[in-house]
1. So, residue 130, is that one more than 26 Å from residue 20 (Cβ to Cβ), touching a helix residue (DSSP H, G or I) at 6+ places or on another chain (Cβ under 6 Å) and in contact (Cβ under 8 Å) with a residue 24 or more places away in the chain or not?
2. Counting just the residues of region 13-29 that are within 16 Å of residue 47 (Cα to Cα) and more than 18 Å from the chain's Cα centre (by Cα), which one comes out surrounded by the fewest Cβ atoms within 10 Å (Cβ to Cβ)?
3. Report yes if some residue within region 61-72 is within 20 Å of the chain's Cα centre (by Cα), in contact (Cβ under 8 Å) with a residue 40 or more places away in the chain, surrounded by 14 or more Cβ atoms within 10 Å (Cβ to Cβ) and farther than 30 Å from residue 139 by Cα; otherwise report no.
4. Using the structure shown, decide if residue 171 is over 30 Å from residue 21 (Cβ atoms), surrounded by fewer than 15 Cβ atoms within 10 Å (Cβ to Cβ) and free of Cβ contacts under 8 Å to residues at least 12 places away in the same chain.
5. Inside region 76-90, can you point out the residues that are in contact (Cβ under 8 Å) with a residue 40 or more places away in the chain and over 12 Å from residue 178 (Cα atoms)?
6. Looking at this structure, is residue 137 surrounded by 13 or more Cβ atoms within 10 Å (Cβ to Cβ) and either more than 27 Å from residue 13 (Cα to Cα) or in contact with a strand residue (DSSP E or B) (Cβ under 8 Å, 6 or more places away or on another chain) (or both)?
7. Does region 117-124 contain any residue that is in contact (Cβ under 8 Å) with a residue 24 or more places away in the chain, surrounded by 14 or more Cβ atoms within 10 Å (Cβ to Cβ) and either in a helix (DSSP H, G or I) or out of contact with any strand residue (DSSP E or B) (no Cβ under 8 Å at 6 or more places or on another chain) (or both)?
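Bear in mind that the values in this text are calculations on the coordinates, not laboratory data. As the structure is a computational prediction, the values presented were derived from the model and not from experiment. Here Cβ is always computed from backbone atoms with ideal geometry, including for glycine, and neighbour counts include all displayed protein chains.
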């Protein structure tokens, strides 16, 4: 195994451990042992457990969000959000684990103040984006704020159900739920 192969192995093992044991229940010693490398080798790539966790959330989690949002290109708003949820449902198991860690940080179950602030800033930035997406499709624009809040709650609920609980939904089910909010 080369040094270039080791960093992604360490990350993959860390993602598994953070999912299984939480941030506080995961140790660099365990990660090193499972990666079959020395503890100093883990510290060669990551300054600390916090640095490793932050890289997973800041780089990998947000990269998934950005990639999935960029994949969507449609004029039908229900189709747009349906495809987004379907794409999340079809993430690889590894990416679902990363996404699950992001949800845990978002819900304040894991991570720290810096990551929580990052999540809050991200959420604040997507509210205007949702508003821009749905506003042209609204029959009653005076209800736009309420619809955006309801849509965000529905999306969070669907994603948590799919990623955290491993629930599978049909495209029809997703479309029906979104249609109730989006009309």
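1. For residue 130, the condition - more than 26 Å from residue 20 (Cβ to Cβ), touching a helix residue (DSSP H, G or I) at 6+ places or on another chain (Cβ under 6 Å) and in contact (Cβ under 8 Å) with a residue 24 or more places away in the chain - is not met.
2. Filtering region 13-29 for residues that are within 16 Å of residue 47 (Cα to Cα) and more than 18 Å from the chain's Cα centre (by Cα), the one surrounded by the fewest Cβ atoms within 10 Å (Cβ to Cβ) comes out as 29.
3. yes
4. On the way: over 30 Å from residue 21 (Cβ atoms): yes; surrounded by fewer than 15 Cβ atoms within 10 Å (Cβ to Cβ): yes; free of Cβ contacts under 8 Å to residues at least 12 places away in the same chain: no.
It is false that residue 171 is over 30 Å from residue 21 (Cβ atoms), surrounded by fewer than 15 Cβ atoms within 10 Å (Cβ to Cβ) and free of Cβ contacts under 8 Å to residues at least 12 places away in the same chain.
5. If the condition is that a residue be in contact (Cβ under 8 Å) with a residue 40 or more places away in the chain and over 12 Å from residue 178 (Cα atoms), then 86, 88, 89 are the ones that fit.
6. yes
7. yes
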